[in-house]
Amino acid sequence: MNRRNWLARMAAGCSAAMLGNARSLVGPDDAEAFLGRVRTASQPSSLKITDMRVVNIHGRWIIRLDTNQGLYGLGEVRDASSPTYALFLKSRILGENPCHVDKIFRKLRQYGNHGRQAGGVVSIEMACWDIAGKAWGVPCWQMLGGKFRDKIRMYADTPSDSNPEIMGKKLKARIERGFTFLKMDVSINLLRGKEGTLTYPHGQGVDPFDQYGRTENAYRAHPFTGIRITDRGLKIMQDYVAAVREIIGWEIPLATDHYGHFGIEDGIKLAQALDPFNLAWLEDMVPWQYTDQYVRLKNSCNTPILTGEDIYLKEGFKDLFEKKAISICHPDLATSGGLLETKKIGDLAMEHGISMAMHMAGNPVTLFSSIHCAAATENFLVMEHHNVDDAWYDDIVKGVPKPLMDKEGFIPVPDAPGLGIELDEEAVRRMLKDPGKDYFPPTPEWDNERSWDRHWSYFRPAGRNMRS
């Protein structure tokens, strides 16, 4: 018997002896209760990923990573994305120890990209943190270095209305519900049907109000559309914000988004027109890639400029930070790289005097992944919640207080291990078309998906000529 085996047997013997002593000292019931708090099933150094499965809840895909010790972790592929982005990575993580989160992320990060293409990689990162926390018995925020706050300030994306009085009342209702931070759209859709408000090249299917469709026009980036806003159009948009501000008052921060696909010159005109209303930020006025245009925009007005929900990894933010192109960064954790990478982004932003708000349009798995990250990031400001009006949203998780958001517009940071939540299986199954088939079905077809993934050389079978 070698020394390690001898020590292991001694430890087991001591544990049995302690349990026997406990039973004799405090009685069998108390001893069993004590044993129930000991995580005898968790041996973190021996954990291995054995399976990946997915379930669709209201159009968003949640993944589950199973292990050889019965522990599992939850992750989520970003909204409007495909589960394939996660499933094709299954074969690359089977047998890996999920507690080695950074190691796994570095192995997979090459398969992510900006926007929704990062969804698979990040969902696995989330699930690994969840498992690691459960294995070691600590919440994710503790593994990220501890927390700066016990609860997270939320803001709600609020459905638009072209009538400023109705819009103002919607936002007023948010305040009455407890929100201390608001956001609305100020879109050129407000100009629909109003003559003399927009100038743009007609024909070939061009529609200035088509921002979210699948047409060629909707996919054309802002600098290439030729859309211009006239002074009359600017006045209508300005009057709209003035009317809303009059209803909600000046004490509550009000951010804006979704302006339209027009060029930076008209973005600057709009920014200057909205300066008097002390807005919290102007969001994604042009695509994030155009750093020099963001510099022009930021230097042209007195309203904070924000972007970032489609950027993958901290390297994607670096140019914006170094050129002081934005006032606030806005990563979506389900795209930016997961819990650890998003904390790194926040820390890098802080070095440049930039705060961090967080975009969040996912199910509660993404929500609480973001909650842990926000708790551990010093320069965090506020987080978005896209489903605050959906009654089903809170029902699909358990282990945390309900409602998820308190009456003051905050979500408490969980102290339970991992993400601190579990799916409510009964609630989720009630939402599925075929609960027997749709609730985390097996995915063996993805077990052996392989390719030569190394970037710096190529393997050839023995017997073939090799060229250096």
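In segment 386-401, is there at least one residue being out of contact with any helix residue (DSSP H, G or I) (no Cβ under 9 Å at 6 or more places or on another chain), exposed (fewer than 13 other Cβ atoms within 10 Å of the Cβ) and of a type in the set (A, V, I, L, M, F, W, C)? Looking through segment 386-401, at least one residue is out of contact with any helix residue (DSSP H, G or I) (no Cβ under 9 Å at 6 or more places or on another chain), exposed (fewer than 13 other Cβ atoms within 10 Å of the Cβ) and of a type in the set (A, V, I, L, M, F, W, C).
Out of the helices (runs of 4 or more DSSP H) lying entirely within segment 348-466, which hold 2 or more residues that are more than 23 Å from Arg78 (Cα to Cα) and in contact with a Cys (Cβ under 9 Å, 6 or more places away or on another chain)? Here the list is empty.
Of these, Thr84, Thr67, which one is among the hydroxyl-bearing types (Ser, Thr, Tyr), closer than 25 Å to Asp424 by Cα and free of Cβ contacts under 8 Å to residues at least 60 places away in the same chain? Talk me through it step by step, then tell me what you get.
Working: Thr67 fails: free of Cβ contacts under 8 Å to residues at least 60 places away in the same chain.
Just a single option satisfies the conditions, and that option is Thr84.
Considering segment 234-255 alone, what residues qualify as being farther than 17 Å from Ser160 by Cβ and not hydrophobic (A, V, I, L, M, F, W, C)?
Of the residues in segment 234-255, the ones farther than 17 Å from Ser160 by Cβ are 234-235, 246, 249-253.
Residues satisfying the conditions are Lys235, Glu246, Gly249, Glu251, Pro253.
Among the residues of segment 342-369, write down those that are within 18 Å of Leu306 (Cα to Cα) and of a type in the set (S, T, N, Q). Once the filter is applied, which keeps residues that are within 18 Å of Leu306 (Cα to Cα) and of a type in the set (S, T, N, Q), segment 342-369 yields Thr342, Ser355.
Per the conditions (1) surrounded by fewer than 22 Cβ atoms within 10 Å (Cβ to Cβ); (2) under 25 Å from Ser42 (Cα atoms); (3) of a type outside the set (Val, Ile, Thr); (4) touching a helix residue (DSSP H, G or I) at 6+ places or on another chain (Cβ under 7 Å), the sole criterion not satisfied by His100 is (4). Residues in segment 284-315 that are touching a residue at least 60 places away in the same chain (Cβ under 8 Å), under 21 Å from Thr366 (Cα atoms) and not β-branched (Val, Ile, Thr): Asp310, Tyr312, Leu313. Residue count for segment 315-351 under the criterion of being more than 14 Å from the chain's Cα centre (by Cα) and either farther than 19 Å from Arg116 by Cβ or in the same structural domain as Lys103 (by TED's automatic domain parsing) (or both): the result is 17.
In the condition set (1) surrounded by 22 or more Cβ atoms within 10 Å (Cβ to Cβ); (2) in contact with a Pro (Cβ under 9 Å, 6 or more places away or on another chain), Pro287 is compliant with all but (1). Note on segment 205-320: enclosed helices (runs of 4 or more DSSP H) holding 2 or more residues that are within 25 Å of Met356 (Cβ to Cβ), at pLDDT 95 or above and in contact with a Ser or Thr (Cβ under 9 Å, 6 or more places away or on another chain) are 264-274, 291-300. Listed by first and then second residue, the pairs with beta-carbon distance under 6 Å, at least 6 apart or on different chains, first residue in segment 188-201 and touching a residue at least 40 places away in the same chain (Cβ under 8 Å) and assigned by TED's automatic domain parsing to the domain that holds Tyr212, second among the hydroxyl-bearing types (Ser, Thr, Tyr) and assigned to a loop (DSSP other than H, G, I, E, B), are Leu190/Ser162; Leu191/Thr197. Residues that are surrounded by fewer than 21 Cβ atoms within 10 Å (Cβ to Cβ), within 23 Å of Tyr155 (Cβ to Cβ) and of a type outside the set (Val, Ile, Thr): does segment 259-272 have at least one? No, that holds for no residue.
If you check Leu108, Leu74, which single one turns out to be in a helix (DSSP H, G or I), at pLDDT 95 or above and in contact with a Lys or Arg (Cβ under 7 Å, 6 or more places away or on another chain)? Steps first, answer last, please.
Details: Leu74 fails: in a helix (DSSP H, G or I).
Exactly one of Leu108, Leu74 is in a helix (DSSP H, G or I), at pLDDT 95 or above and in contact with a Lys or Arg (Cβ under 7 Å, 6 or more places away or on another chain), namely Leu108.
Looking only at residues in segment 374-385 that are in contact with an Asp or Glu (Cβ under 9 Å, 6 or more places away or on another chain) and within 18 Å of Phe181 (Cβ to Cβ), which one is surrounded by the fewest Cβ atoms within 10 Å (Cβ to Cβ)?
Narrowing segment 374-385 to residues in contact with an Asp or Glu (Cβ under 9 Å, 6 or more places away or on another chain): 375, 377-379, 384-385.
Next cut, within 18 Å of Phe181 (Cβ to Cβ) only: 375, 377, 379, 384-385.
On the way: Ala375: 24, Thr377: 27, Asn379: 17, Glu384: 23, His385: 22.
Only one residue fits best here, namely Asn379.
Criterion applied to Gly362, Gly316 was being crowded, with 23+ Cβ neighbours inside 10 Å and small (Gly, Ala, Ser), and the one residue passing it is Gly362.
Taking every residue in segment 254-275 that is outside the structural domain of Pro223 (by TED's automatic domain parsing) and over 16 Å from Met184 (Cβ atoms) and pairing it with any residue that is not hydrophobic (A, V, I, L, M, F, W, C) and not in a helix (DSSP H, G or I), at least 6 positions away or on another chain, yields no pair with a Cβ-Cβ distance below 8 Å.
The values are calculated or read from the model by the stated rules, or taken from the named source; none is laboratory data. Bear in mind the structure is a predicted one, so any value in this text is a computation, not a measurement. When we count neighbours, we look across all protein chains shown, and the Cβ atoms used for this are built from the backbone with ideal geometry, even at glycine.
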